[in-house]
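K.L.:
Right, I'll just put the structure down here and ask away after.
Read the figures in this text as sums done on the coordinates, not as results from a lab. Predicted, not measured: the structure shown is a model, and the values here were computed from it. Because the Cβ atoms are built from the backbone with ideal geometry, glycine has one as well, and the counts that use them run over all protein chains shown.
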Amino acid sequence: MKQYGAEFLGTFWLVLGGCGSAVLAAAFPHVGIGLLGVALAFGLTVLTMAYAIGPISGCHLNPAVSIGLWAGGRFPATQLLPYIVAQVVGAVAAGGVLYLIASGAPGFDVAKGFASNGYGAHSPGGYSLQAALICEVVMTMFFLIVILGATDKRAPAGFAPIPIGLALTLIHLISIPVTNTSVNPARSTGVALYVGDWAVGQLWLFWLAPIAGALLGAVAYRLIAGEKK
């Protein structure tokens, strides 16, 4: 239960910090943090939580990461479902807190997106479904390769949170214009449920693509690293 509680809190922090920066601070008049600030915020949530709860739960914060670690031989199948449930519940709880904060400002309108992920008309740059699918698969694939490499027993101990956090920052710098960046089904679900409508209708992609990418990343890393189950 300590592990599941850690995953709940860690995913809560990721959604509140990352999506919160996008909703509350990205375009704040005159001093908005912009795309770079939002990308850094997501990376910092993972970096800080990796040090805080990494020794407790491994700090997955992401159903795709948990599945990828399982496929990479680093995580038991028996814990997959409880981890995923804890991550999604944490993300939805954070979305609720963010909604309560954001709705305290005049003119707040959840229909504007609430940091939800989307494609087509709901992509920040108007990117197609195909472009969004490819982007999410590839970004998550490389995220898993970095995670598996940074946590490999051959890697320097104690430094894994740094490359993992920086990788997530880089991923956001690349893909925010395409999908608003998911690479995390829990993160997508945590805000989409409050938007409803199109955000829930497009949510399937942000489960399918990250999970597919995570599986590909696990396979790729095991091929280059020579790991076996």
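K.L.:
Would you work out the charge dipole size for the chain about its Cα centre, treating the Cβ of every Lys and Arg as +1 and the Cβ of every Asp and Glu as -1, and quote it to the nearest 20 debye?
P.N.:
Charge dipole, the chain, about its Cα centre: 580 debye, nearest 20.
K.L.:
Consider the candidate values (1) 11.9; (2) 12.6; (3) 14.1; state which one is mean projected area of the Cα convex hull in nm² computed from the structure displayed.
P.N.:
This structure yields the entry labelled (1).
K.L.:
Something else: Divide by every residue of the chain the summed helix terms, -39500 (n - 2.57) for each DSSP H run of at least 4, and state the resulting mean residue ellipticity at 222 nm, rounded to the nearest 500 deg cm²/dmol.
P.N.:
-22500 deg cm²/dmol
K.L.:
Among ALA209, GLY120, GLY165, whose Cα projects farthest towards the positive end of the dipole of segment 119-228, with charges put on the beta-carbon of Lys, Arg (+1) and Asp, Glu (-1)?
P.N.:
Farthest towards the positive end: GLY165.
K.L.:
Now for a separate question. Return the whole-Å distance between the Cα centroid of segment 46-97 and the Cα centroid of segment 165-194.
P.N.:
That distance is 15 Å.
K.L.:
May I pose another question? Just to be sure I understand the model, the point goes 7 Å from the Cα along the line to the Cβ. What's the resulting LEU170 to ILE134 distance in nm?
P.N.:
2.0
K.L.:
What ³J(HN,Hα) values, in whole Hz, does the Karplus curve 6.51 cos²θ - 1.76 cosθ + 1.60 give for segment 121-138 when θ = phi - 60°, with x put for Gly and Pro?
P.N.:
Using θ = phi - 60°, the values come out as 5, 9, 7, x, x, x, 6, 6, 4, 4, 5, 5, 4, 4, 4, 5, 5, 5 Hz.
K.L.:
Based on the Cβ-Cβ distance from ALA77 to LYS2, what FRET efficiency comes out when R0 is 22 Å, to the nearest 0.05?
P.N.:
For ALA77 and LYS2, the calculated efficiency is 0.65.
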